[in-house]
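Q: I'd like to ask you about the structure that follows.
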Amino acid sequence: MDLGVDWAVQWLTLSARLMSEHREELIALDRAIGDSDHGENMDRGFRAVIEKLGQTPPETPGAALKLAAMALMSKVGGAAGPLYGTAYLRAATSLGELAEIDAAALAGALTAARDGIVARGKAELGDKTMVDAWSPAVEAADEVLADGGDAVAVLAAAAEAAEVGAVTTDPLIARKGRASYLGERSAGHRDPGAVSSALLLRAAATAAGFPEGSAE
Amino acid sequence: MDLGVDWAVQWLTLSARLMSEHREELIALDRAIGDSDHGENMDRGFRAVIEKLGQTPPETPGAALKLAAMALMSKVGGAAGPLYGTAYLRAATSLGELAEIDAAALAGALTAARDGIVARGKAELGDKTMVDAWSPAVEAADEVLADGGDAVAVLAAAAEAAEVGAVTTDPLIARKGRASYLGERSAGHRDPGAVSSALLLRAAATAAGFPEGSAE
Amino acid sequence: MKKLINDPRSVVDESVEGFGMAHADLVDVHTDPIYIVRKGAPVAGKVGLVSGGGSGHEPLHAGFVGHGMLDAAVPGAVFTSPTPDQIIPATAAVDSGAGVIHIVKNYTGDVLNFETAAEMAQAEGISVRSVLVNDDVAVEDSLYTAGRRGVGGTVLVEKIAGAAAERGDSLEAVAGVAEGVVRNVRTMGVALSGCTVPHAGVPSFELAEDEIEIGIGIHGEPGRHRIAMESADGITSRLLEPVLEDLGIKAGEEVLLFVNGMGGTPLSELYIVYRRAARILAERGAKVERSLVGNYVTSLEMQGCSISVLRLDDELTALWDAPVHTPALRWGM
Amino acid sequence: MKKLINDPRSVVDESVEGFGMAHADLVDVHTDPIYIVRKGAPVAGKVGLVSGGGSGHEPLHAGFVGHGMLDAAVPGAVFTSPTPDQIIPATAAVDSGAGVIHIVKNYTGDVLNFETAAEMAQAEGISVRSVLVNDDVAVEDSLYTAGRRGVGGTVLVEKIAGAAAERGDSLEAVAGVAEGVVRNVRTMGVALSGCTVPHAGVPSFELAEDEIEIGIGIHGEPGRHRIAMESADGITSRLLEPVLEDLGIKAGEEVLLFVNGMGGTPLSELYIVYRRAARILAERGAKVERSLVGNYVTSLEMQGCSISVLRLDDELTALWDAPVHTPALRWGM
Ligand SMILES: Nc1ncnc2c1ncn2[C@@H]1O[C@H](COP(=O)(O)OP(=O)(O)O)[C@@H](O)[C@H]1O
Ligand SMILES: Nc1ncnc2c1ncn2[C@@H]1O[C@H](COP(=O)(O)OP(=O)(O)O)[C@@H](O)[C@H]1O
Ligand SMILES: [Mg+2]
Ligand SMILES: [Mg+2]
Ligand SMILES: [Mg+2]
Ligand SMILES: [Mg+2]
């Protein structure tokens, strides 16, 4: 099953709901090794996305992601704003004008998003950042694609891998972003950006109908 | 038994000890209805008195009290500094050059001290100030004198009455000093200056040999 | 309560010493007894301005010693008024022959100690005039109190009287200007937390997470009453309305609006209070011609603020605008 | 944690609005997106200076907009760097054609947002140069960190670069001056308490009654390590020694000593720290030629301080002394 603009809109809508529901949790994670704002930033950013979606309904998945990129870039701030902004913008560019996205296009968009984050933030795997969620997600997506899975399966695998990836940040010592100032004291805490990334990918899978029935 | 310079020096020495021992208690009383400094002020003041006593040993009771007055005036600060300074100065003036003080001279000195406090501070009985300790003390001293009591008995009665007087400040609403800003919220707390006054008069009686044997 | 101090007993000495080192171009610090004098004082022909009071209100008073403001400041122990043996030499040090003004906040201790010092300075041949600051509308000025306290408005009195002295006004004229400010300034304050006097070691009072003290002074003493926590806008009305009522501010009048931090409240919050206060004044038709926002008359690390309003006229505005160069207030030079 | 606010979501908007009302003679406040511009900007022929960052550090940055310092300030949410859609119009508003400098504190968020904005402003034809401030010696500048943070030294960079811009230096020259300050300033900080971000509602970290955090940044983040409480003198050595070592200050050198309060520590305590720091410098034979003591780069109501040392030369001293007229720093005019 390919995914259209409805899926993209639903993804962003679910993302906003998850960011609002997990706002306090993300703030608490960021308090431990950062500055207590990640949940507030993401919540504010996705509220803006929803507002923009209402004003100018997009016509393609790519347009929806571009709109999200702009809203995130101008409303999230901090490190996460430009990183997510770039990720969504690169994904949008990779999707181009496509009305329906198949598994290959989707995996390509995920790769573009991850590469955008890396290009901007220069973080490597294991630096205890959102890259630790995105990289395994991209790898899992590519595997499913190679195995002939469909778009929904690609998203499901990506979401799963991102969640595992977020958990793997627990013992790491941060080398990028604000948590790196803590040195060894950053170990033993989960990276907030990796958690928000996993939530966003989970929203993408749910919007595509996985695991709870099909998206409207 | 008449009282000489040894008594006066002993009085001041015991006063310093009591101020140091009751420092925290006086701070706590002042915290409730004032600004948390009375115990610190009195302790600092009487340390200065002791230092001066060591430098220039006085020859008469009056000289001892004058020395104390000067030290208190220059080291206590706040409301209590000028009030006690005036009290001790007026008492010293009233005693003049006397080498030995009898009951009458002593009662006169206590009256002069109390009048000095009233002249400076303009507080009346019941205003919840140190006057509520000094006025009953002076009255009790005068009664003992009228009944033919000696100097030690005069001091014992004064100390007793001052303690009772301090307790009577509990329910009062303050009308003078910092506690007056609290209005009705000042009721239910004991006035710190009345308590320090009672302690000082208790020291005078103890120095005179009442109740625990004679002073050295 | 942790503090950046070495010993509670040496807090004032060491702080004033550091202050003197940091501002050696502006002040001389005298020790034993301790007082701070404007560099080059006495200024020939100029009336000397001396103020003082307990420590713990920094930058008041030492921070306001310098050109166009105080000639000397006399710090007592924390929250304890200074003693005559400090006030007298400070007074003598700034007397050029033109006389000296004592600016005294209305507290029993300050009044008694300055009174004694003034008497003794007079006896030494110095003309001394005392001006009492009592701007706190939280306290009723009645037979049943020690009278209204001197609080935030003190800094306005010191600045404006300082400008009058600097331009060469006589002793009586400077005193008249200072009294004019006192008549036209009122203040009210709020505490969101108590503060901890170093030698006491425990907070002056404890407030629950939903309580605030309205009508506080500047010595960590409890206020007139305790109420439930409110929004910044609500608190601002509560403070400002009695100030405006007591002053009788009418439409068309010009004022200086002063939002003062008690020491532990971020500047950003003071501006939120300023915003609402300026709007209330605008709604009443009053014109905010000058403003001051910041920590000027503090209570150690207390959280809270006070709002002062000064009714301006052309004379007061000009004196406010006159150059001032002190560690904590500086403009025009 | 009680705060003088109305709604955690409107703290920055309302505070900046109040700031604009209180300083209407010096600044214009733009809303949606929010940024603050010097009155009369762009100044013809002058290089524009823009800085910004998360809110919660007041008076940084808006308090330093005015003659001789910043042309614009761009405040983000509390402790969150601002976004390109704020930075771009602020940059455009202060460009007279001579180009604009972005003074950026070295945090991933600030760097990325300013980088994006600079790119886009360049695309619109504005010459933009970025200067990165990274004065915090608590953080090792290595492959394993995001590099040293920008902290207290930022205000010195802004003042001195502002003076260079005001005297008419070119874009490259102003950038060179700013980079010279960055090379010669180092800072280290301590927290005696955490601070509470309004939208978070709980303190950024909790310290026991006998613990302090050494090597903190300015965002309420924990420091490099936690130690037992010490005397002010002990803490001062702990902060100052690494600063001096990193700078390599030698006998005979001239420095500016800056003791900065984190927001909740009384000024009197900052002077106690200053006293010890000045003595340590004197013992090393360094000359404290200029000083600054106060709350300039804060972390909301955090208790603690930072110590910065700037190595001076005649040029930097002259630029430091040049007139400045902003809400929070003013002299010479
Ligand atoms: N260089 C980087 N590369 C990738 N991700 C990063 C980088 N720096 C920070 N992050 C991510 O950003 C998250 C923090 O975002 P946020 O709290 O919103 O911003 P800030 O750190 O500016 O307060 C971190 O948890 C981390 O996942
Ligand atoms: N006008 C007054 N007359 C008599 N005693 C007074 C007066 N004002 C204050 N006092 C006394 O002074 C005491 C407070 O002393 P202290 O705390 O040392 O000074 P301050 O109030 O200046 O902090 C009060 O408890 C009260 O007994
Ligand atoms: Mg963060
Ligand atoms: Mg007291
Ligand atoms: Mg006192
Ligand atoms: Mg942040």
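The values are calculated or read from the model by the stated rules, or taken from the named source; none is laboratory data. Since the model is a prediction, treat every value here as computed from it, not as a measurement. Cβ sites come from the backbone with ideal geometry, for glycine too, and all protein chains shown count toward neighbours.
Q: Within the range A:165-195, take every residue that is part of a helix (DSSP H, G or I) and away from chain D (no Cβ under 14 Å) and give me the one that is nearest to ligand 2 (Cβ to nearest atom). So that I can check it myself, show each step before the final result.
A: Narrowing the range A:165-195 to residues part of a helix (DSSP H, G or I): A:165-168, A:178-186, A:192-195.
Still in the list and also away from chain D (no Cβ under 14 Å): A:165-168, A:194-195.
Details: A:165: 63, A:166: 58, A:167: 59, A:168: 61, A:194: 57, A:195: 54 Å.
In this case the residue turns out to be A:195.
Q: Return yes or no: is residue B:162 away from chain C (no Cβ under 14 Å), more than 10 Å from ligand 2 (Cβ to nearest atom), part of a helix (DSSP H, G or I) and buried (at least 24 other Cβ atoms within 10 Å of the Cβ)?
A: When the stated conditions are applied, residue B:162 passes them.
Q: Looking at residue D:236, is it closer than 22 Å to residue C:326 by Cβ, touching a Lys or Arg at 6+ places or on another chain (Cβ under 9 Å) and surrounded by 23 or more Cβ atoms within 10 Å (Cβ to Cβ)?
A: no
Q: When only residues in the range C:127-145 that are within 11 Å of another protein chain (Cβ to nearest Cβ) and under 18 Å from the mean Cα position of the chain (by Cα) count, which is nearest to residue C:47 (Cα to Cα)?
A: C:136
Q: Could you run through the range A:24-46 and say how many residues are within 14 Å of residue A:200 (Cβ to Cβ) and either facing chain D (nearest Cβ under 10 Å) or within 16 Å of ligand 5 (Cβ to nearest atom) (or both)?
A: Total meeting the criteria: 5.
Q: Condition (residue is within 14 Å of another protein chain (Cβ to nearest Cβ) and in contact with a strand residue (DSSP E or B) (Cβ under 6 Å, 6 or more places away or on another chain)) applied to the range A:117-136: is it met by at least one residue? Even if it seems obvious, please write down each step before you answer.
A: First pass over the range A:117-136, keeping only residues within 14 Å of another protein chain (Cβ to nearest Cβ): A:117-124, A:126-131.
Within this subset, residues satisfying the condition of being in contact with a strand residue (DSSP E or B) (Cβ under 6 Å, 6 or more places away or on another chain) are none.
Checked the range A:117-136: no residue is within 14 Å of another protein chain (Cβ to nearest Cβ) and in contact with a strand residue (DSSP E or B) (Cβ under 6 Å, 6 or more places away or on another chain).
Q: Is it fair to say residue B:104 is closer than 21 Å to residue B:195 by Cβ, part of a helix (DSSP H, G or I) and modelled with pLDDT of 95 or more?
A: Considered against the rule, which asks whether it is closer than 21 Å to residue B:195 by Cβ, part of a helix (DSSP H, G or I) and modelled with pLDDT of 95 or more, residue B:104 comes out as no.
Q: A further question follows. Go through (1) in a helix (DSSP H, G or I); (2) within 16 Å of ligand 3 (Cβ to nearest atom); (3) more than 24 Å from residue A:173 (Cβ to Cβ) and name the single condition residue A:109 misses.
A: Among (1) in a helix (DSSP H, G or I); (2) within 16 Å of ligand 3 (Cβ to nearest atom); (3) more than 24 Å from residue A:173 (Cβ to Cβ), residue A:109 violates only (2).
Q: Could you check, for the range B:50-73, whether at least one of its residues is within 16 Å of ligand 4 (Cβ to nearest atom), at pLDDT 95 or above and either on the phi < 0 side of the Ramachandran plot or out of contact with any helix residue (DSSP H, G or I) (no Cβ under 7 Å at 6 or more places or on another chain) (or both)?
A: Yes.
Residues checked against (1) over 18 Å from residue B:62 (Cα atoms); (2) modelled with pLDDT under 95; (3) buried (at least 19 other Cβ atoms within 10 Å of the Cβ); (4) among the polar types (S, T, N, Q):
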position: B:87; (1), (2), (3), (4): no, no, yes, no
position: B:91; (1), (2), (3), (4): no, no, yes, no
position: B:114; (1), (2), (3), (4): no, no, yes, no
position: B:125; (1), (2), (3), (4): yes, no, no, no
position: B:132; (1), (2), (3), (4): yes, no, yes, no
position: B:144; (1), (2), (3), (4): yes, no, yes, no
position: B:147; (1), (2), (3), (4): yes, no, no, no
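Q: Could you please find all residues in the range C:106-135 being in contact with a Ser or Thr (Cβ under 7 Å, 6 or more places away or on another chain), within 16 Å of ligand 5 (Cβ to nearest atom) and not small (Gly, Ala, Ser)?
A: Scanning the range C:106-135 gives C:107, C:110, C:113, C:114.
Q: Let me ask something else about it. Whether any residue in the range B:89-109 is within 16 Å of ligand 2 (Cβ to nearest atom), within 14 Å of chain C (Cβ to nearest Cβ) and in contact (Cβ under 8 Å) with a residue 40 or more places away in the chain is what I want to check.
A: No - not one qualifying residue is present in the range B:89-109.
For (1) crowded, with 24+ Cβ neighbours inside 10 Å; (2) assigned to a loop (DSSP other than H, G, I, E, B); (3) within 19 Å of the chain's Cα centre (by Cα), each residue gets a yes or a no:
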position: D:251; (1), (2), (3): no, yes, no
position: D:259; (1), (2), (3): yes, no, yes
position: D:277; (1), (2), (3): yes, no, no
position: D:280; (1), (2), (3): no, no, no
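Q: Find the residue count for the range C:289-324, including only residues that are at the interface with chain D (Cβ under 8 Å from one of its Cβ atoms) and more than 19 Å from residue D:58 (Cβ to Cβ).
A: Total meeting the criteria: 1.
Q: Would you confirm, using the coordinates I've provided, whether residue D:12 is among the hydrophobic types (A, V, I, L, M, F, W, C) and within 12 Å of another protein chain (Cβ to nearest Cβ)? Give the derivation first.
A: Values: among the hydrophobic types (A, V, I, L, M, F, W, C): yes; within 12 Å of another protein chain (Cβ to nearest Cβ): yes.
Yes.
Q: Could you check the range D:51-80 and list, in sequence order, the residues that are under 11 Å from the mean Cα position of the chain (by Cα), away from chain C (no Cβ under 13 Å) and within 16 Å of ligand 1 (Cβ to nearest atom)?
A: Across the range D:51-80, the qualifying residues are D:52, D:53.
Q: So which of D:55, D:96 is touching a residue at least 24 places away in the same chain (Cβ under 8 Å) and away from ligand 3 (no atom under 16 Å from the Cβ)?
A: Exactly one of D:55, D:96 is touching a residue at least 24 places away in the same chain (Cβ under 8 Å) and away from ligand 3 (no atom under 16 Å from the Cβ), namely D:96.
Q: Show me the helices (runs of 4 or more DSSP H) entirely contained within the range A:1-59 in which 2 or more residues are within 16 Å of ligand 3 (Cβ to nearest atom) and of a type in the set (Asp, Glu).
A: Result: A:23-33, A:38-55.
Q: Kindly establish whether residue D:225 is at pLDDT below 95, over 20 Å from the mean Cα position of the chain (by Cα) and within 13 Å of chain A (Cβ to nearest Cβ).
A: It is true that residue D:225 is at pLDDT below 95, over 20 Å from the mean Cα position of the chain (by Cα) and within 13 Å of chain A (Cβ to nearest Cβ).
Q: List every residue pair whose Cβ atoms lie under 6 Å apart, where the two residues are 6 or more positions apart in sequence or sit on different chains, the first residue falls within the range A:67-82 and is at the interface with chain D (Cβ under 7 Å from one of its Cβ atoms) and touching a residue at least 12 places away in the same chain (Cβ under 8 Å), and the second residue, located anywhere, is surrounded by fewer than 24 Cβ atoms within 10 Å (Cβ to Cβ) and of a type in the set (Asp, Glu).
A: A:74/D:85
Q: Taking the criterion of being more than 19 Å from residue B:2 (Cβ to Cβ), surrounded by fewer than 24 Cβ atoms within 10 Å (Cβ to Cβ), under 15 Å from the mean Cα position of the chain (by Cα) and away from ligand 6 (no atom under 16 Å from the Cβ), would at least one residue in the range B:93-112 satisfy it?
A: No, that holds for no residue.
Q: Quickly run through the range D:166-206 and pick out the residues that are over 21 Å from residue D:151 (Cβ atoms), of a type in the set (Gly, Ala, Ser) and modelled with pLDDT of 95 or more.
A: D:168, D:170, D:173, D:176
Q: Among residues belonging to the range A:179-204 that are at pLDDT 95 or above and of a type in the set (Lys, Arg), point out the one that is farthest from ligand 4 (Cβ to nearest atom).
A: A:202
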